[in-house]
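The values are calculated or read from the model by the stated rules, or taken from the named source; none is laboratory data. Not measured: the values here are computed from a predicted model. Cβ coordinates were reconstructed from backbone atoms using ideal geometry, including for glycine residues, and neighbour counts include every protein chain displayed. Surface accessibility is based on the protein's heavy atoms, side chains included, excluding ligands, DNA and RNA. Shrake-Rupley method; radii C 1.70, N 1.55, O 1.52, S 1.80 Å.
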Amino acid sequence: MAMATPLTCKTMLLMAFVVAAALSTASLAQSPLQNNFYGSSCPQAEATVRNVTEGIIRNDPTMGAAFMRLFFHDCFVRGCDASILLDPTSNNTQVEKKAIALRGYDAVSKIKAAVESVCPGVVSCADILAFAARDSAVVSGGFASFAMPSGRRDGVVSNFIEVLQNIPSPIFKLQELISNFAAKGLSVDDLVTLSAAHSFGQAHCSFVNGRLYPTVDPTMNGTYAAALKTVCPAPGSGGGDPVLNNNRVTDPNVLSNQYYGNLVTGQVLFVSDQQLMNSSYTAAKVANNSGDAATWMGQFAAALVKMGGIQVLTGTAGQVRKYCNVVNS
């Protein structure tokens, strides 16, 4: 089973320096979240999440990307409040999870059950998603561990239509991507940095077929396109909608800066990915990230923490769910 290559001490120190510098900014200093929020109320919380998350990913390496994607989808819709985890009810059949097929719900419930067994009613599902995403970067990306501020509370509302209104489309052009991220308080640098989450995970052919048929997108590498066509049948041919790996160049279960090398050579799936090459500024960021893994890792960690602060519920807002898929009665 292929896992991320461990970092050298020098690389880990450089990454730690970059993360510390990024997290010392005024915007993060003013966050309502805190490092080690559960230090007194549930000292075992983060270690419990880490241990279960690591076990899940080592048993199924595709789960690192699944946890990361759940966190992104949660934070971009109503903020990081675990609304993505809520099941349909008789009063609301059109919840967020009905809008797009995501994986990992049962895995999150497994982590939550482990945390509840040591600290009942203390740790929110929103924080569990954040910790699991951080731990996925460590296990699947070889990152040095980094602090993930916590103290989020769980929301009680989940709405299908808000996914369509807030999640960036894989066919977005560059300015649409920039505007979408800016609406969440994220910068162009954050956009380029976090896009490397597409270095691992899977996607359905329907998200890329527009670049393959009826003619191949000229920005896509021809050999790469031909390989994709062996997996993705032409629309209407009766071949269904197969799943393919986001990264077909190197290990598809490793979070890495290989994404940027793939971008430069036209070997990425989505229109929205290739758009990062359409301005001199973002293309320069791509080139820098491609050649400097340690700096990118530090920036990715900082951007993930920043994303984790989007529209959070804290204090007495929301609730701490007993089960992540249903609001407390």
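Some points to look at:
- Surface exposure of segment 96-214, expressed per residue as accessible area with a 1.4 Å probe, stands at 35 Å².
- Extreme residue, positive dipole direction of segment 44-166, given options Ala47, Val95, Ser145 (C-beta unit charges): Ser145
- Just the protein heavy atoms count here, and of the accessible area of segment 174-306 at 1.4 Å, carbon and sulfur take up 55 percent.
- Within the accessible surface of segment 44-166, defined with a 1.4 Å probe on protein heavy atoms only, the carbon and sulfur portion equals 51 percent.
- Remark: the Asn92-Lys173 segment gains 25.9 nm on full extension, using 0.36 nm per residue and subtracting the alpha carbon distance.
- If only the Cβ of Lys and Arg carry +1 and only the Cβ of Asp and Glu carry -1, the dipole of the chain around its Cα centre is close to 60 debye.
- Shape box of segment 112-178 [Cα atoms, principal axes, largest first, Å]: 46, 34, 18
- Rounded to the nearest 500, the 222 nm mean residue ellipticity of the chain from helices alone is -13500 deg cm²/dmol, with -39,500 (n - 2.57) taken per DSSP H run of at least 4 residues.
- Charge dipole (Cα centre; +1 on Lys/Arg Cβ, -1 on Asp/Glu Cβ; no other charges) of segment 131-261 amounts to roughly 40 debye.
- Linear extension gain, Ala226 paired with Asn288, 0.36 nm per residue minus alpha-carbon span: 19.5 nm
- Entry for Rg and Dmax of the Cα atoms in Å (calculated from the structure that is shown) out of (1) 19.3, 59; (2) 18.6, 55; (3) 20.0, 74: (1)
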